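The values are calculated or read from the model by the stated rules, or taken from the named source; none is laboratory data. Every value quoted in this text rests on a predicted model; they were computed, and no experiment measured them. FYI the Cβ positions are ideal-geometry reconstructions off the backbone, even for glycines, and counts take in every protein chain you see.
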Amino acid sequence: MNQRLSSPSLPLAFFVGLLLATLALSAHAGPAQNQAPAHAPAGVLVPVDAKTDATWLTKARVAYPLDRCPVCDDKIEATASSNVPEYIYRVAGKPDRLVRFCNDAECVPSFKKDPDKYLQMTEETAATKTPVPSK
Ligand SMILES: [Zn+2]
């Protein structure tokens, strides 16, 4: 009688032990995975304003490779620069980058959702437009 009651407790103890060991292992593995994030640190989009470094801004405008909005691909009229929403995309440890949009209300929120995607498109477009150095 006693044996029939006590025998089921042995597998139960085994499974509880296994469960605890699994939990301990997964808890240990969790932080290790977080140490290598798949995504780069998120940047912030800062509007160009009176506090923006004018020297930097002038250079960035001259060097800016696109005449189109990186989000919707609408053409941006370079001559109407005062009407173009300009932003600085700022990531810690990286140089600031100028970004121009055609439309504050529509394209800026889209950019913020996935800045890496649009910045990559910007770079790819710039690469195709930049003539090969003939040195
Ligand atoms: Zn746009």
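The residue pairs whose first member lies in region 102-130 and is assigned by TED's automatic domain parsing to the domain that holds CYS72, whose second member is away from the ligand (no atom under 13 Å from the Cβ) and of a type in the set (Val, Ile, Thr), and whose beta carbons are closer than 6 Å, counting only pairs six or more residues apart or on different chains, do not exist in this structure.
Here's the yes/no breakdown for (1) aliphatic (A, V, I, L, M); (2) modelled with pLDDT under 90; (3) in a loop (DSSP other than H, G, I, E, B):
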| residue | (1), (2), (3) |
| --- | --- |
| THR22 | no, yes, no |
| LEU25 | yes, yes, no |
| GLY30 | no, yes, no |
| PRO37 | no, yes, yes |
| LEU45 | yes, no, no |
| THR55 | no, no, no |
